[in-house]
Each structure stands twice: as C-alpha cells, then as structure tokens.
Amino acid sequence: MPLHFSNRDGRKKLAPPQMRRLFQLRYFEYALFILALFLKLRYLHNNLKVSNIDMNRLDNVIAVGSIMLASFWIFWLYGRARTIALLLLNVLLSGLIFADLIYYRYFQDFITIPVLLQAGQVGELGESIMSLIARSDLWLAADIITWLVVLIGLAAMQHFASRRRKVRTAPSPQDAGPGHAWMAFDELEAPHAQPNSTDGPVFPKAGKRPLRRLLTGFLAFIIGYVMTMGPINHYKNTWAGNLFVGNWWNLSLYNITGLLGFHYYDGYRYAKERLSSKPALTREESAEIEGWFLDAAERRNQPNATFGAYKESNIIVVQVEAFMNFMIGKKIGNEEITPHFNRLMEESLYFPNFYHQTGQGRTSDADFSSNSSLHPLPTGSVFVRYPHHEYDVLPQILGQHGYKTAAFHAYEGSFWNRNIMYEAMGYDRFYSKKHYVMDEALGWSLGDKSFFRQSLEFMTGDHDQHRNKPFYSFLITLTSHHPYQLPASVSKLDAGKFKGSIFGNYLESVHYVDAALGQLVEGMKQKGLWDNTILYVYGDHDNSLRDKQDYERFLKKTLSDLDMHQIMNQVPLLIHLPNGTEAGVYDQPAGQLDMAPSLLHLLGISTESYRMMGHNLFGDGERFVVLRSGAFTDGQVYYIPSADLEFSNGQCYSLDTRELVNTEICRPGYNEEKLRLSISDRVITNNLIPQFR
Ligand code: GP9
Ligand code: MN
C-alpha cells in the first residue's frame, strides 16, 4: 500500500519507506480494529466488579476470537467499502459494549434479545442513564474519534492539494472529487502497484483478487471460531459442564463465553426458544387441557368457612433457602435446631408432608410454582426460558384486587432473570441487593436478619405511597445457601459430632435462619402487622447434601429408599393466620403448587377462571402431589421413578406400611402424573393461558 503525499508541483510522491512499510501492512487497519475492540472488552470487564469472575489468558483468546467472528466478513469487501464497514462495525460493537456497561451498572445483567424486544426494562433506566455514565467511558470511543480525525485530515490534505493544483496546473481527473480522501485506503489493496507510477490506476487490479479475499475471510472465520470455541469447549469439558443446560445466570455464561460470545449464545438461545416451531396443539388437545383445568377448578373451589375469612389481609410469603423438613423439631445435643420455627408452629398450620416441586430451576422454580400453581419445566428455568409467556400469577391477580405487591431478595437482580420475570409477573416493586444497606455481609450477600429488618422497613416505610392498601410481599432468603459457611461469630449452634462437616455447617446455617425468622415475627409485631397479615413460610428445595449416612446419624435410625426420597423432597410449610386460627399439624400431602390457590381462597378470591394446577389447602378435595422428577404421592402410595423413567422399573410404596407394593397399584397415579406434567409443560411452552382466557 503505497502512501502518497503531494509535492509542491501537485504531483503525487511516495511517503518515506519506513512509513510506507508500516502502511503497506495489508491487515494493519484490521489489526488495529481487533486491538481496539479487545481493549474495550477488557475495559468492560474491569468495570463489572464482580467477584469470582476474572478474565484470564484463555478468556483473552476467546475475546479476540469472538471479535474475529463478528468481523471476518469485512475481508470480502474491498478498499473504501471495507474501511467504512470496519468503522461502522467498530461503532456498532463499541455501542453494544457501552450499552451493556450502562445496563450492567443498573441491572447487574447484560442486554439480551428479549430485553431489547421489551422496551420497558431498558426504559426503566430513564433518567438514571446520565448518572450511570463514567467519564472514563470515553475510552470506548477514543479509537473511533481518532479514526475519524485521520479520515477528515486525509480529506482535508487532499482537498488543499487539489486546490493548489487547480491554481498551478490543470486538474487531473483522479485528483478531483470527494473520493480522493479514500485514496490511501483504496491503495491498501494494491501492494504490487508500481511505486513510481504517479499516474497508475487508483484501483489496481492486483488488489481486487476476489478469490483471495474470499479465502482470507474464511480463514479469519476459522481462526476466530477455533479461538472462541476451543477454550469454551475446554471449560465445558472441565468445570463448566452444566452451565449451558441450566443457564440460570447471564453472568455465569459470560464467565465462560466473554461478552460477544454471550451475545452469540443469547441469539442462539432466543432463536431456539422462540423461532423453533413447537408442535402446535390440535383442537382436541387444547380442549382436553382446558377441560382438565375446569375440572381442577371445580374440585378446588368448594366454598367453606375459610373462604374469604382473611379478606384483605396482608400477605408475607417467606421462601427460605434450602430449608428442609427433616430437622424441624429436632435437637442436636440439647439444642433445638429451629427453636423459633418450633414455637411458631404451635400457633400456626404446619404441613409436615409438604413437598418442593422444583427442577433444574431450583430457587426460581420454587418461586414460579408457588406463584403460578404450574409445574416448572423438565429442563432449565421458566424464569429464564419463558419470562414473556403469560401465567395466572399471584402478584398480578392480587394487584388486580387492590394489593400493592413487591418481591424482596438481597442478591443481584439479574440472577435467575428476576428483573425481567418479576416485571412480567406484575410486581409493583422488586427490591434487590442494590436497595439494601450491606450492614450484615454474610455468605453470598446480606445476612437474613438484616434482610428481614430492611424488607419490613420497605413494606411499611414512609416513602411507601400505597400505605393504605393491603400488601403482598414475597421474600426470598439467602444466607442458608450452599456451602453453608457462617463465620464463627455468627454461628450459634454447636453441631456436635457434625461440627466441621458440610452437614454440620448446614445445621448451623439453618439455625441462623431460624433466629432471623424469629426476628421477622418480632418485627411484624412491633410494626403492628402480626394480626392483619398471613405469614406463609416454606423451604425452596433440598440442601444438595445426599450422603445418607449423615441423615442416619442425625436421625439415629437406618433409612430406606422411601425415607431418603421423602427427606430430600420434603420442605416444611408453615402458615400463620391472624390470631393464630386454624393452628395444627396437617398431615395430608401438599406441595408448592398449592400456594396461590390456597392464599386466594383465604382472601375470598375465586380461582375458577385461573389455570392453576395446585390444591386449595383449606378445602377437602383430593390431594395428589406430583414432583418434577416424576415421583408422586396421593397420601396412600408413593411412587419413585427409575432412572430410565420406565414405569415398571419404578418403586411403588404403600405409605401405610412403608413397604414396596405391586408397581401396578401406582399405575393410575403414574398416568395422572404424566398427564399433569405434560399439561403444565404445554401451557408454558405453547403460551396457552392467553388462548384460554
Ligand atoms: C440466588 C438464589 C440462589 O439469588 O436464588 O439460587 P439457587 O442456587 O438456590 O437456585
Ligand atoms: Mn435456593
């Protein structure tokens, strides 16, 4: 690429050889482009300020590879078209990085395609956008500005040179016109042009070489692909095995793929979920599903004395992290593990045969199932996969009945896609980590004691404009999250023989949460909420500790497969009604799907027109609890599916004798369980609820 200057008589002459060599590098501008984008990705990364996510050497390789994947095609262009394309691509990618950075500073998440399609989420930034921009963000535009300045400078140089020529000599055709400023770029494509030929062609033939450009583009793609996918596959085959299956958090995906890789994956994920054709339902199938819901509504809606008995009460739901049933009422040494919960049970309804019904979506599944009365999906989380489909969910229904509604969780709002999903569920507010003062740093985030105290302030605080409305508050605790490590100063339980083991740590964590629950109750009393609020407390899922020996040592008995299965799937449910009414132990099987219909029943809101699968815990109807794994119980039998999901290979137990019985006894239940799971899956994935309304 000979770089030309104009000499005094207006004729082109070559730049000095050193400079020429520099600019003769055919890929100089591309290398500059890659470097600039790479530095911008690093800039974004350094601004994320998130622990446990670093950018190591392999991540750098991914970053460069993913830039090449976005830009390989520019080699197919020629001369000025290529330069313009590169500049525009730079503006586009820099804009994306900038937009992600701003979005991240507010939502601790990255922009995804569903977010872009749903303007509300981005719009929420509104006036805060200015406060989210840092002066140093100008770095993101530095190279573009420089590039533009160089181009304008070149244009100006050419312009003045041609004016001088006009005065002294007759203008030659190629000296005139706006295209002149691009001459240097066009000539990048002409490495073999005659260096001394001042009148040579502006687009020398040698540079056009379409086949060579085509191959260069493909080569860039292949290099980019290998640099991106090589390390990602390495991560997948080592520590990140399941991340693309559950994909619960965009940040953990980013940790593997980098920013551009994340956007590619997001595009793929979106296309797979939205654009791939789902088998359409026949009219008969739709009618069957609709019929099932109508029957369920009839079974559920038997008005009795409790229907509407707590009309317009406030509701506080507490979904407690990894809170299991096996240690409720139990002691270690002489100490109760959950003393506050145990006291509260005396004036509450307690359901010892309550099951979590979660799948891969863990906490988000418990949340979804409890609020929508539908099953979670067999893979992934509904929060992440189908946040924009419609559901009959508690916050939305209660909002329509005059309640103010809020979700509370002192962690990153983006985790489990909550920012998006909570808006879609109709919550008025979502208080996430950024709303809380970190005055009790514990585990993943804020300790549950402070979380409850501050959440109560939000519910009742002076800033609350809807003070006279009843409220629905959905709280999710976090301190008792795996790996259950509490600082010694916070841990108040002596786990005895379990001390120092993860099982012991779990018991200590749960003991802390129990104390926090005690403080929540005290706080509710102090704020005058105790007698006009329904408190609904349940565990979200198991603790992921599956070593049978621990449970046998703790419970001091040998455990059968049935015992173990129940232990891992039972979480406690406690409902405290104003004035402690209806208190007692309720042995019937129940599950997370039962929350929405039961609470609506207490408030006197009929669930007849809602597509809900759960029971009314305050009615006398049948009880049939289906777990996402395909296990089920009706209170008489308990079916545990086999790994191959072949019915006859499963185990059918009598709950009366706790012995295995003929598997065929479980067949009717098995058929019903399969039907329910498939109805729920179809309602979610085919977005059937708006169709039924
Ligand atoms: C974090 C919390 C934990 O926000 O919901 O989720 P989990 O890992 O238990 O599903
Ligand atoms: Mn959880």
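The values are calculated or read from the model by the stated rules, or taken from the named source; none is laboratory data. Because the structure is a prediction, the values reported are computed rather than measured. Cβ placement follows ideal geometry from the backbone for every residue including glycine, while neighbour counts extend to all protein chains displayed. To get the accessible areas, we keep the full protein, side chains included, count just its heavy atoms, and leave off ligands, DNA and RNA. Shrake-Rupley method; radii C 1.70, N 1.55, O 1.52, S 1.80 Å.
Round to the nearest 10 and report in Å² the accessible area of T405, as given by a 1.4 Å probe over the protein chains' heavy atoms.
0 Å²
Given Cα pairs under 8 Å that are at least 6 residues apart, what percent is the relative contact order of region 281-397?
The value is 13 percent.
At 1.4 Å probe size, what's the solvent-accessible area of D594? Round to the nearest 10 Å².
0 Å²
Once the Cα atoms of helix 139-168 and of the chain are each reduced to a long axis, what angle between those two axes, in degrees from 0 to 90 to the nearest 10, is obtained?
Roughly 20 degrees between the two axes.
For every helix of n ≥ 4 consecutive DSSP H residues, a contribution of -39,500 (n - 2.57) applies; sum these over the chain, divide by its total residues, and give [θ] at 222 nm rounded to the nearest 500 deg cm²/dmol.
-14500 deg cm²/dmol
Top to bottom by accessible area (1.4 Å), largest first, where do R274, R611 land?
Sorted by accessible area, descending: R274, R611.
How far apart, in nanometres, would the label points at L294 and W73 be if each is projected 7 angstrom from Cα along the Cα-to-Cβ direction?
Going from the L294 label point to the W73 one covers 5.1 nm.
Output the 0 to 90 degree angle, nearest 10, between the alpha-carbon long axis of helix 362-372 and the longest principal axis computed from the alpha carbons of the chain.
On a 0 to 90 degree scale, this one is about 70.
Quickly work out the I502-to-S252 label distance, labels modelled 7 Å from Cα along the C-beta direction, and quote it in nm with one decimal.
For S252 paired with I502, the spin-label model returns 1.4 nm.
Compute the accessible area per residue over the chain, keeping the other protein chains in place, probe 1.4 Å, unit Å².
Ligands and nucleic acids excluded, the result is 44 Å² per residue.
Starting from region 345-408, pick out the GluC sites (Glu not before Pro) whose DSSP state is loop and whose Cβ has at most 10 other Cβ atoms within 10 Å.
Answer in residue order: E346.
Per residue, how big is the convex hull of the chain when only Cα atoms are used? Give it in Å³.
Considering the Cα atoms of the chain, their hull volume per residue is 200 Å³.
Each label point is 7 Å from the Cα along the Cα-to-Cβ direction; what then is the distance between the points at H482 and A31, in nm?
That separation, rounded to one decimal, is 4.8 nm.
What is the dipole size for the chain, taken about its Cα centre, with +1 at each Lys and Arg Cβ and -1 at each Asp and Glu Cβ, in debye to the nearest 20?
With Lys and Arg at +1 and Asp and Glu at -1, about 4860 debye.
At 1.4 Å probe size, with the rest of the protein present, what percent of the exposed accessible area of region 600-693 is carbon and sulfur atoms?
Of the solvent-accessible surface of region 600-693, carbon and sulfur hold 47 percent.
Quick check: net charge around N314, other residues with Cβ under 12 Å of its Cβ, Lys/Arg +1 and Asp/Glu -1?
+3
How much length, in nm to one decimal, is gained on full extension between D547 and H159, taken as 0.36 nm per residue of separation minus their Cα-Cα distance?
131.7 nm
Check which residues have an amide H placed less than 5 Å from Q651's amide H, if you skip close sequence neighbours.
Residues meeting the amide H criterion: I640, S642.
How long is the gain from A85 to S136 if the chain were fully straight, where each residue apart is worth 0.36 nm and the alpha carbon distance is subtracted?
My answer for the length gained is 15.7 nm.
With a 1.4 Å probe and every protein chain left in place, tell me how much accessible area D644 has, in Å² to the nearest 10.
90 Å²
For region 289-692, build the charge dipole from Cβ charges (+1 Lys, Arg; -1 Asp, Glu) around the Cα centre, then report which of Y350, G380, N505 sits farthest towards its positive end.
Sorting the options by dipole projection puts first N505.
Treating only the Cβ atoms of Lys and Arg (+1) and Asp and Glu (-1) as charged, compute the dipole magnitude of region 266-319 about its Cα centre; round to the nearest 20 debye.
The dipole magnitude comes to about 220 debye.
If all Cα-Cα distances of region 438-576 are sorted into 10 Å bins from 0 onward, what percent lands in each bin, rounded to whole numbers?
Once binned at 10 Å, the Cα pair distances of region 438-576 give 10, 35, 32, 17, 6, 1.
Which log10 I(q)/I(0) values does region 289-692 give at q = 0.06 Å⁻¹ under the Debye formula, counting every alpha carbon as one identical point scatterer?
-0.22
Residue separation times 0.36 nm, minus the C-alpha to C-alpha distance between V226 and R667: what's the value?
My answer for the length gained is 153.7 nm.
Which order do D681, D448 take by accessible area at a 1.4 Å probe, largest first?
D681, D448
Under the definition of Cα pairs under 8 Å and six or more residues apart, what whole-number percent is the relative contact order of the chain?
In percent, rounded to a whole number, it is 16.
Mind checking the dipole of region 289-692: about its Cα centre, +1 per Lys or Arg Cβ, -1 per Asp or Glu Cβ, Debye to the nearest 20?
Roughly 660 debye, rounded to the nearest 20.
Could you list the square roots of 5 times each eigenvalue of the Cα gyration tensor of region 537-693, that is, the equivalent ellipsoid semi-axes, sorted largest first and rounded to whole Å?
28, 23, 15
Relative to the first principal axis of the alpha-carbon coordinates of the chain, what is the inclination of helix 283-300, with its axis defined by its Cα atoms, in degrees from 0 to 90 and to the nearest 10?
That helix lies at roughly 40 degrees to the long axis.
Report, ordered by chain and residue number, the lysines lying within cross-link reach of K492, taken as a straight Cα distance under 30 Å and ignoring same-chain residues fewer than 8 apart.
The reachable lysines, counting only those whose Cα sits under 30 Å from K492, are K330, K331, K433, K434, K449, K525, K527, K548, K556, K557.
Using bins 5 angstrom wide from zero, how does P(r) for region 538-579 break down, in % of all Cα pairs?
It works out to 5, 20, 26, 20, 12, 7, 5, 5, 1, in whole percents.
Please tell me the relative contact order of region 289-692 in percent, rounded to the nearest whole number, where contacts are Cα pairs under 8 Å and at least six residues apart.
That works out to 28 percent.
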